[in-house]
Amino acid sequence: MSTGAAPDVSAVPVLVKRRLQAEVLGPLHAEMVKELGAARANDILDRAIRQAAIAEGRRLAAGAPGGEPSMAHFIRLFDLWKQGGALAIEELAADDQRFDFNVTRCRYAEMYREMGLGEIGHLLSCNRDGAFVEGYDPGISLSREKTIMAGDECCTFRYRKNRSP
């Protein structure tokens with residue numbers, strides 16, 4: 001019997017959430033490809049995932065101390081995506097103006113490949129990163145030249161605090 005309260009999904013590791021989402025989105029994407037073609041299906045999936053990431057960024061920004069997003073809070077939030085060893089990282093810099101690191105192992109990429117979804121893994125996860133930060137704080141930007149999902153040896157994350165939102 002339902003109590004009417006929404007379940008607390010914040011305790012579910014992000015890697016588990018992404019697997020559950022992929023179990024639904026993978027077959028949905030495959031059907032969209034049949035009906036609309038790969039380019040159109042990818043565009044729709046990309047836009048939907050980005051919108052969800054922006055909304056998630058806004059929601060988590062609202063939980064920042066004093067309701068004010070900051071680089072320090074953003075850096076602490078990153079632990080959510082590392083839960084359960086989902087990411088192995090090499091941290092290069094972390095301060096009030098920047099957060100630089102390389103991902104040296106990405107279990108998200110591994111999972112999508114194991115699920116047969118490697119060709120859309122970047123849509124399901126990688127493209128969330130810039131959109132998330134856009135929702136969290138438009139004054140923070142992300143530059144990333146390499147991703148494991150694209151076949152590189154690491155992912156290069158370079159976040160910068162550019163301006164006040």
If you average the C-alpha positions of the range 108-145 and of the range 14-51 separately, how far apart do those two centres end up, in angstrom? 13
State, as an integer percentage, the relative contact order of the chain based on alpha-carbon contacts under 8 Å between residues 6 or more apart. 25
How high is the relative contact order of the range 65-137, in percent, counting Cα pairs under 8 Å that sit 6 or more residues apart? 24
Lysine pair number, Cα distance threshold 25 Å (strictly under), the chain, separation 8 or more or different chains: 5
In whole Hz and in residue order, list the ³J(HN,Hα) couplings for the range 81-94 that follow from phi through the Karplus curve 6.51 cos²θ - 1.76 cosθ + 1.60, θ = phi - 60°; x for Gly and Pro. 7, 8, 3, x, x, 4, 9, 9, 10, 10, 7, 9, 7, 8
Entry for Kirkwood radius over Cα pairs in Å (calculated from the structure that is shown) out of [x] 16.8; [y] 15.9; [z] 18.3: [x]
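Each value in this text was obtained by applying a stated rule to the coordinates, not by laboratory testing. Every value quoted in this text rests on a predicted model; they were computed, and no experiment measured them.
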